[in-house]
Amino acid sequence: MRNPSCYTTAPGEEPVLPWVSRAVETARTLATLKEFLEEADLRLVENLLIECAKEADFQINEREYGEGKTPDDAECDRVVGYDEKGKKVTRAMELGTMKHEVAFACVKQRLLTRFPENISIEPRYAPPGPTPGQSVLTDQWTGSLKPDIVLHFARNPTRVQCIFDFKFPCTLASKSNPLGPKTSDVRAQLEKYDKLGGNCPSGIVTPQLGVNHE
């Protein structure tokens, strides 16, 4: 403590012990990392997710169908191919994939730059255990869950705060009720997400109705 060589100084500043400075900086970092996003930040995230969904929907519809045009129900239901399991791929599914790509690019630009430690895009989780709130990352596809957007404890996606999925309804019926009936696949998906934990119900984000929770 009495050895001047142990001090660091800057012009016009008091001498500082390096280990003290490092300790203070570490404490500040830990204080930041233990925080989830505040309520105001959550509202901002939701608003930006809605903007990204609207922009993706607009851009792909304009590119695929022309200015001011959108696909009708017949176009949405048109079969455009088959997946590796032989299941039908409709035009609505194809458009949804395109719109997801644009929406994810928007999220990276507008949200990850603001909250890089608290947001993950498409993390993959192992099937939820019997106890709600248990979440484990995995690289296994069978039975796993891959939400679009996860808000979480800083640098720790296994401590979930909120989960959102982009949905891009194509038919008139799905646009007015994107969650579908009580037994719909969308609602079942959100129920599984809820088992991963979090302090807000999982939700979907659509260009038409914004954020909807199960």
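The values are calculated or read from the model by the stated rules, or taken from the named source; none is laboratory data. As the structure is a computational prediction, the values presented were derived from the model and not from experiment. With ideal geometry, Cβ positions are generated from the backbone for all residues, glycine too; neighbour counts draw on all protein chains shown. Ligands, DNA and RNA are stripped out before the accessible areas are found, and what is left, the full protein with its side chains, is counted by its heavy atoms. Shrake-Rupley method; radii C 1.70, N 1.55, O 1.52, S 1.80 Å.
Just checking: which of the strands (runs of 3 or more DSSP E) contained wholly in the stretch 140-214 hold 3 or more residues that are under 15 Å from Asn118 (Cα atoms), in contact with a Ser or Thr (Cβ under 6 Å, 6 or more places away or on another chain) and open to solvent by less than 70 Å² (accessible area, probe 1.4 Å)?
Values: elements: 149-153, 156-166, 203-206, 210-213.
Hits in the stretch 140-214: 156-166.
If you check every pair at least six apart or on different chains, which have Cβ atoms under 7 Å apart with a residue in the stretch 108-132 that is touching a residue at least 24 places away in the same chain (Cβ under 8 Å) first and a residue that is open to solvent by 70 Å² or more (accessible area, probe 1.4 Å) and in a loop (DSSP other than H, G, I, E, B) second?
These pairs meet every condition: Glu117/Arg155; Glu122/Lys146; Tyr125/Val136; Pro128/Gln134; Pro128/Lys195; Pro132/Lys195.
Within the stretch 77-110, can you find the residues that are in a strand (DSSP E or B) and surrounded by fewer than 15 Cβ atoms within 10 Å (Cβ to Cβ)? Talk me through it step by step, then tell me what you get.
First, pick out the residues of the stretch 77-110 that are in a strand (DSSP E or B): 79-82, 88-90.
Matches in the stretch 77-110: Val79, Val80, Gly81, Tyr82, Lys88, Val89.
Looking at (1) assigned to a strand (DSSP E or B); (2) among the hydroxyl-bearing types (Ser, Thr, Tyr); (3) touching a residue at least 60 places away in the same chain (Cβ under 8 Å), which is the only condition Ser135 fails?
It fails just one condition, (1).
Going through Arg63, Arg114 one at a time, which residue ends up being assigned to a loop (DSSP other than H, G, I, E, B) and either at pLDDT 95 or above or not polar (S, T, N, Q) (or both)? Can you show your working first?
On the way: Arg63 fails: assigned to a loop (DSSP other than H, G, I, E, B).
Of Arg63, Arg114, the one residue that is assigned to a loop (DSSP other than H, G, I, E, B) and either at pLDDT 95 or above or not polar (S, T, N, Q) (or both) is Arg114.
Can you confirm whether the stretch 111-127 contains a residue that is in contact with a Cys (Cβ under 9 Å, 6 or more places away or on another chain), buried (at least 18 other Cβ atoms within 10 Å of the Cβ) and closer than 15 Å to Leu151 by Cβ?
Going through the stretch 111-127, the residues in contact with a Cys (Cβ under 9 Å, 6 or more places away or on another chain) turn out to be 111.
Cutting the leftovers down to buried (at least 18 other Cβ atoms within 10 Å of the Cβ) gives us 111.
Checking the rest, the ones that are also closer than 15 Å to Leu151 by Cβ come to 111.
Yes.
Quick one: count up the residues across the stretch 171-193 that are touching a strand residue (DSSP E or B) at 6+ places or on another chain (Cβ under 8 Å) and not β-branched (Val, Ile, Thr). Reasoning before the result, please.
Within the stretch 171-193, the subset touching a strand residue (DSSP E or B) at 6+ places or on another chain (Cβ under 8 Å) is 175, 178-179, 186, 189-190, 192-193.
Next, only the ones that are not β-branched (Val, Ile, Thr) stay: 175, 178-179, 189-190, 192-193.
The qualifying residues number 7.
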